[in-house]
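Report on the following structure.
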Amino acid sequence: MSDRISCCVPFCRRTLRNDKGYSEWICQEHWRMTDKFPRRILARRKKRLKTDATYPAKKVDDLWQFLKKQAIERAAGI
Ligand SMILES: [Zn+2]
């Protein structure tokens, strides 16, 4: 797989070699603009998702959408 995925933030030109088959990705620089606390929860939920088959993927997805919105808004200076 050599497809490249680009940052979710509009007009951001950073891309990542999508080895892991992500559907969406936020670059380091924009990721840093998001709050630390939800980021930490996201990391914990992702870990839980890997180990617990009954854990709803939506919980990870919802938080991802929240962080994505935050990154986009902050990048736009809202
Ligand atoms: Zn970016």
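Extending 7 Å from the Cα toward the beta-carbon at both residue 24 and residue 51 defines two label points whose distance is 2.6 nm.
If the chain linking residue 17 and residue 39 were pulled fully straight, counting 0.36 nm for each residue of separation and taking away their Cα-Cα distance, it would gain 5.7 nm. Lacking any other cysteine beta-carbon closer than 4.7 Å, the following Cys residues of the chain have no compatible partner: 8. In the chain, the DSSP-assigned H stretches of four residues or longer account for a calculated mean residue ellipticity at 222 nm of -16500 deg cm²/dmol, using -39500 (n - 2.57) per stretch and the full residue count as denominator. Of the trypsin sites (Lys or Arg not before Pro) in the chain, the ones in a loop by DSSP (not H, G, I, E or B) with at most 10 other beta carbons within 10 Å are 13, 20. Each listed q (0.18, 0.20, 0.24, 0.26 Å⁻¹) maps to a log10 I(q)/I(0) for region 4-76, found by the Debye formula over equal Cα scatterers with no solvent: -0.74, -0.89, -1.15, -1.24. Model label sites at residue 4 and residue 74, defined 7 Å from Cα along the beta-carbon direction, differ in position by 2.5 nm.
Of the chymotrypsin sites (Phe, Trp or Tyr not before Pro) found in the chain, those that fall in a DSSP loop while having at most 13 other beta-carbon atoms within 10 Å are 11, 22.
Each value in this text was obtained by applying a stated rule to the coordinates, not by laboratory testing. Just so it is clear, the structure is predicted and the values come from calculations on it, not from any experiment. Backbone-built Cβ (ideal geometry, glycine too); neighbour counts: all protein chains shown.
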